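Peer 1: Just passing along the structure, written as structure tokens.
The values are calculated or read from the model by the stated rules, or taken from the named source; none is laboratory data. No experiment lies behind these values; they were computed from the predicted model shown. Methodologically, a virtual Cβ is constructed for each residue, glycine included, from the backbone with ideal geometry; neighbour enumeration extends over all protein chains shown.
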Amino acid sequence: MVLFTHGDELTGSIEEFTEANKALKEVVSRCEGGYQVFNNQDMEDRNQVVELLLKVDAVVAANEGNYYTSDSYQDVELMLKTKPEELKKMYEEKLQDIQRELENGFAEEMKKLQKRIETLTASEHEKEKIIGELDRLNKCKMAEYQRYYEAKLREARQEAEQTCTHPNMIKKKATETIELNK
């Protein structure tokens, strides 16, 4: 409950006054809107006091007959001291959860990247293997072509030797033929 005195000095309503001041509005809000305004100019008006007591009785009834005592104050003080510790613990747990999520996500991404690297490495090895095979086949083909052309060259030489187109060869053949005929 908030008790405002000097209500007679207000230029507007108390609601306008609290709306204009955020901190005061927060205090009234924490008291669940419970407030009373006293007019200090009219000290003989006992209705102000009766209204205040009725509102206090309503708050006590809402609290199931419990007054706000020193014990209540100490409970609130204890709660205010332990609340930061509880909040700290709660936020540390949340932070640890987030850290675990990030670590798990990081580990998952690392696995994906490792698998991708392995795939690329395997494909690189496969590529090198194929290039090696192509080189081997190319060398074999080249050796085949070389043997083929060397064989053709030998055949051409043999044919050339058999046809005796060379002038010395013709003389030699002619001489041999003459000697045989004698």
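Peer 1: Out of everything in the range 11-68 that is in contact with a helix residue (DSSP H, G or I) (Cβ under 7 Å, 6 or more places away or on another chain) and under 11 Å from MET1 (Cβ atoms), what residue ends up being modelled with the lowest pLDDT?
Peer 2: Here the answer is GLY34.
Peer 1: Going by the structure shown, is GLU9 charged (D, E, K, R), exposed (fewer than 11 other Cβ atoms within 10 Å of the Cβ) and over 55 Å from the mean Cα position of the chain (by Cα)? Reasoning before the result, please.
Peer 2: Numbers: charged (D, E, K, R): yes; exposed (fewer than 11 other Cβ atoms within 10 Å of the Cβ): yes; over 55 Å from the mean Cα position of the chain (by Cα): yes.
Criteria met by GLU9.
Peer 1: Okay, next question. Out of curiosity, is LYS127 at pLDDT 90 or above, of a type in the set (Lys, Arg), in a helix (DSSP H, G or I) and within 38 Å of the chain's Cα centre (by Cα)? Explain how you work it out, then say what you get.
Peer 2: Values: at pLDDT 90 or above: no; of a type in the set (Lys, Arg): yes; in a helix (DSSP H, G or I): yes; within 38 Å of the chain's Cα centre (by Cα): yes.
No.
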